[in-house]
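A quick write-up on the structure given underneath.
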Amino acid sequence: MASILDEYEDSQNTRQSAQQHSRLSTANIGITHSGFVNVRLEEEKPIFNKQRIDFTPPEKINHLAVCSNQLCMSLGKDTLLRIDLAKPDQPNQIELGRKDESKVHKLFLDPTGSHLLISLSTSECLYLNRNTQKVRSLSRWRGHLIESVGWNKLLGSETNTGPILVGTSQGIIFEAEISATEGSLFNTNPDQYFRQVHSLEEDGKPAPVCCLEVERGLENKYFIIATTRKAPVPVCG
């Protein structure tokens, strides 16, 4: 069975052939006077491309996230591998150092590639900044199995996520903020706050929040899509 990438490449090749044929046809018959302009006459830039790299993971890849040239993957039980795709020959390996039976449940990487959230099977969450080697525990998040994260595309920076939304397996949506700075003597936690803002149910039971997307609309209002296993749920705020 062909992979998604193979199917995408086939569709790109078919489209390129069609575009070449269209350009030849236009050159032969000239531009019509219908007033219609075909915006696809110019070649479309592909959204991504596939290329082979010389890399053999030392352990089984369990989870993978990539954004802004930063690739993060979970290997084996408690190993993280970070690769700057601008320097693919300089991988960075980090050990979580867990002594219990916890496993990586999911990885979440923000649009800038700076903030990595590591959801563990033991209902804990860890944080790793792009510019550090230190994995930090998010104490306020303990007791919640994180299923989704809605990143802040406008207010986030390399050192601060800005307000973000976090969805759990129990249908709860939290608002949170994480800072990579060490903070004061009395506040060294990276998680600035963690408060519940909404909850989802299906058939009278908590519905896991499978996906969260946050976008800003008109009049500085935010539009949120929270997806459960059955349907998307729009929320305006």
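Laid out as a table, the results:
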read-out	value
Within the range 195-227, considering residues that are within 17 Å of the chain's Cα centre (by Cα) and not in a strand (DSSP E or B), the one farthest from Leu109 (Cα to Cα)	Val209
Near pairs, Cβ below 6 angstrom, 6+ apart or cross-chain, from the range 209-237 (under 20 Å from His144 (Cα atoms)) to any residue that is exposed (fewer than 15 other Cβ atoms within 10 Å of the Cβ) and of a type in the set (Asp, Glu)	Thr228/Glu202
Filtered residue count, the range 85-95, keeping only those that are closer than 16 Å to Leu64 by Cα and hydrophobic (A, V, I, L, M, F, W, C)	2
Positions within the range 168-185 being within 15 Å of Asp110 (Cα to Cα) and at pLDDT 95 or above, in sequence order	Ala176, Glu177, Ile178
Test: residue in the range 142-149 that is at pLDDT below 95, within 18 Å of the chain's Cα centre (by Cα) and not basic (Lys, Arg)	no
The range 120-160: number of residues that are small (Gly, Ala, Ser), more than 15 Å from Glu95 (Cα to Cα) and assigned to a strand (DSSP E or B)	2
Selection count, the range 172-182, where residues are within 15 Å of Phe194 (Cα to Cα) and either in contact with a helix residue (DSSP H, G or I) (Cβ under 6 Å, 6 or more places away or on another chain) or buried (at least 17 other Cβ atoms within 10 Å of the Cβ) (or both)	7
Residues within the range 228-237 that are in a strand (DSSP E or B) and at pLDDT 90 or above, tallied	0
Unmet requirement for Lys153, which otherwise passes all of (1) closer than 17 Å to Ile224 by Cβ; (2) at pLDDT 95 or above	(2)
Criterion violated by Glu158 - all others in (1) free of Cβ contacts under 8 Å to residues at least 60 places away in the same chain; (2) surrounded by fewer than 18 Cβ atoms within 10 Å (Cβ to Cβ); (3) in contact with a strand residue (DSSP E or B) (Cβ under 7 Å, 6 or more places away or on another chain) satisfied	(3)
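The values are calculated or read from the model by the stated rules, or taken from the named source; none is laboratory data. No experiment lies behind these values; they were computed from the predicted model shown. Here Cβ is always computed from backbone atoms with ideal geometry, including for glycine, and neighbour counts include all displayed protein chains.
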